[in-house]
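Note sheet for the following structure.
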Amino acid sequence: MKVIKTNSYQETSQKAAEIVAEQIKSKPDSVLGLATGSSPIGMYDELVKMDLDFSKITSVNLDEYYGLAPENDQSYRYFMNEHLFDRVNIRKECTFVPDGLTADPEKHCAEYDQKIIDLGGIDLQVLGMGLNGHIGFNEPGESFPVGTHLVTLEESTIEANSRFFASKEEVPTQALSMGLKQIMNSRKIVLIVHGKAKEATLEKALNGPVTPHLPASILQLHPDVTVVCSFNE
Ligand code: F6R
């Protein structure tokens, strides 16, 4: 595992963008696994500035709130359009985000896993990490979630994400999340972590025991992870 500690969110975003840009240049038809949340926003801004060719890229997103329509400005589909897809030459039909309105989550999740297999797997997966150590919405628990699944969000995740909503009550309580199998099968991973509040959890995830109580710790078992982090606010 490679850990790049920088002095600012700006530098973290720049480094993460360089890794993604390198992937796109070396394999223009890459399958990128993408994340939402505050961590990758700066990286998306940097990627847009780099004027890369996304015309052959396919993307699969980690997760989506269950119950939110793509047009809802809090949905992760909306986030991706706003922060990246509408700003680069990616073909929208080659961007995949779990369907928050699916009537049959189990079937949809199985299809999402199959889609990733059909695409030949993920070349580079971008991850953020929650305050509780989740990656995707794989929350701490007694076992590591395997496939894409419907998850009930932890109270602490709802609390953390309420900053994006008008009130805590508006935060969906469930989400569809890629499982750890798909994440761990990615050929490369870049994990972006920013903020003092996450420093101790990241330290445990990287150097403590591998445990489902801290889902990000599983990344210790992946052969090609780069962690880009900064802890100053
Ligand atoms: C988002 C995702 C989550 C976030 C995590 C950190 O697609 O999968 O795991 O990466 O909750 O969120 P921020 O970056 O907002 O602190």
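For the range 51-173, the equivalent ellipsoid derived from the Cα gyration tensor has semi-axes of 24, 18, 14 Å, listed largest first. Amide hydrogen proximity for residue 60: with H placed 1.01 Å from N in the peptide plane, the residues at 5 or more positions away or on another chain lying under 5 Å are 32, 33, 34, 96. For the range 161-169, backbone phi angles converted through the Karplus equation (6.51, -1.76, 1.60; θ = phi - 60°) give residue-by-residue couplings of 7, 5, 5, 8, 10, 5, 8, 4, 5 Hz, Gly and Pro being listed as x.
Ranking 1, 50, 80 from most to least accessible surface, computed with a 1.4 Å probe over the protein chains only, gives 1, 50, 80. Ignoring lysines fewer than eight residues from residue 27 along the same chain, the ones with Cα atoms less than 17 angstrom from its Cα are 56, 188. Around the amide H of residue 146, modelled in the peptide plane, lie the amide H atoms of 180, all under 5 Å away and 5 or more residues distant in sequence or on another chain. When the alpha carbon gyration tensor of the range 106-233 is reduced to an equivalent ellipsoid, its three semi-axes come out at 22, 20, 13 angstrom, largest first.
With Kirkwood's inverse mean 1/r over C-alpha pairs for Rh, give me the Rg to Rh ratio of the chain, two decimals please.
Working: Rg = 16.2 Å, Rh = 17.6 Å.
Dividing the radius of gyration by the Kirkwood radius yields 0.92.
To make sure I understand the rule: partners must be aspartates and glutamates, Cα under 15 Å from the Cα of residue 115, and not fewer than 8 residues away in the same chain. Which ones qualify? Output for residue 115: 63, 93, 99, 106, 123. Computed over the alpha-carbon pairs of the range 150-212, the distance histogram in 5 Å steps reads 4, 13, 15, 21, 25, 16, 6, 1 percent, short to long.
For residue 142, the solvent-accessible surface computed with a 1.4 Å probe is close to 150 Å², ligands and nucleic acids excluded. In the chain, helical runs assigned H by DSSP with n ≥ 4 each contribute -39500 (n - 2.57); averaged across all residues and rounded to the nearest 500, the mean residue ellipticity at 222 nm is -9000 deg cm²/dmol.
Close amide-amide hydrogen proximity is noted between residue 136 and 128, each under 5 Å apart and 5 or more residues distant or on a separate chain (H modeled in the peptide plane; Pro and chain starts excluded).
The values are calculated or read from the model by the stated rules, or taken from the named source; none is laboratory data. Owing to the predicted nature of the structure, the values given are computational and were not obtained by experimental measurement. Surface areas here come from the heavy atoms of the whole protein model, side chains and all, with no ligands, DNA or RNA. Shrake-Rupley method; radii C 1.70, N 1.55, O 1.52, S 1.80 Å.
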